[in-house]
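Input: a single structure, listed below in structure tokens.
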Amino acid sequence: MNALLLFIIRLITLLLLYLFIGWIAYTIFMDLRKTNQPESKVSVTPITLIQANDDLGESRQFVAQEVLIGRDPANPFYLEDGTVSVRHLKLTFRNQHWWAEDLESTNGSYLNGDQILSPVILTDGDELRLGQVVLTVRIN
């Protein structure tokens, strides 16, 4: 009788152990699934970039979560200037703020006169300089 009771206790313990491991795996799976879902429900604050020219200031407004700026015509904000790299700067909307990140450009990116070495938060009225091109930021 003792051997049978010991066998049943071991079987129940093994079953509870497998249930516990399965519960942990399910929790991790659901957490990863939740963090990998696109942030389509996030409301993006529009950003307007105004290019200061000698003639007229050209402005473009964006509501996408990511805006690439550079000399490549495929970029959402295309700049036809030899001092601007093909992929010069990336603007990203995250944590309810617009961030600017230099993409290892040749001539560097500057925010209000200071070189951008790591991602920085943009505010309304900031001035971005990419090569010789100056952009004014308007966050609506």
Could you tell me whether the range 103-120 includes any residue that is more than 15 Å from Gly70 (Cβ to Cβ), among the hydrophobic types (A, V, I, L, M, F, W, C) and open to solvent by 60 Å² or more (accessible area, probe 1.4 Å)? yes
Failed item in (1) touching a residue at least 40 places away in the same chain (Cβ under 8 Å); (2) open to solvent by 50 Å² or more (accessible area, probe 1.4 Å); (3) of a type in the set (D, E, K, R), with Glu127 passing the rest: (1)
Looking at the range 69-85, which of its residues are open to solvent by less than 30 Å² (accessible area, probe 1.4 Å) and either at pLDDT below 90 or aliphatic (A, V, I, L, M) (or both)? Ile69, Leu79, Val84
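Rundown of residues vs (1) touching a strand residue (DSSP E or B) at 6+ places or on another chain (Cβ under 7 Å); (2) under 18 Å from Val44 (Cα atoms), yes/no style:
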residue	(1), (2)
Val63	no, yes
Leu79	yes, no
Ser85	yes, no
His88	yes, no
Gln96	no, yes
Val120	yes, yes
Arg129	yes, no
Just checking, how many residues over the range 86-96 are loosely packed, with under 15 Cβ neighbours inside 10 Å and in contact (Cβ under 8 Å) with a residue 24 or more places away in the chain? 2
Looking at Val63, is it hydrophobic (A, V, I, L, M, F, W, C) and either touching a helix residue (DSSP H, G or I) at 6+ places or on another chain (Cβ under 8 Å) or open to solvent by less than 40 Å² (accessible area, probe 1.4 Å) (or both)? no
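The values are calculated or read from the model by the stated rules, or taken from the named source; none is laboratory data. Predicted, not measured: the structure shown is a model, and the values here were computed from it. Methodologically, a virtual Cβ is constructed for each residue, glycine included, from the backbone with ideal geometry; neighbour enumeration extends over all protein chains shown. Ligands, DNA and RNA are stripped out before the accessible areas are found, and what is left, the full protein with its side chains, is counted by its heavy atoms. Shrake-Rupley method; radii C 1.70, N 1.55, O 1.52, S 1.80 Å.
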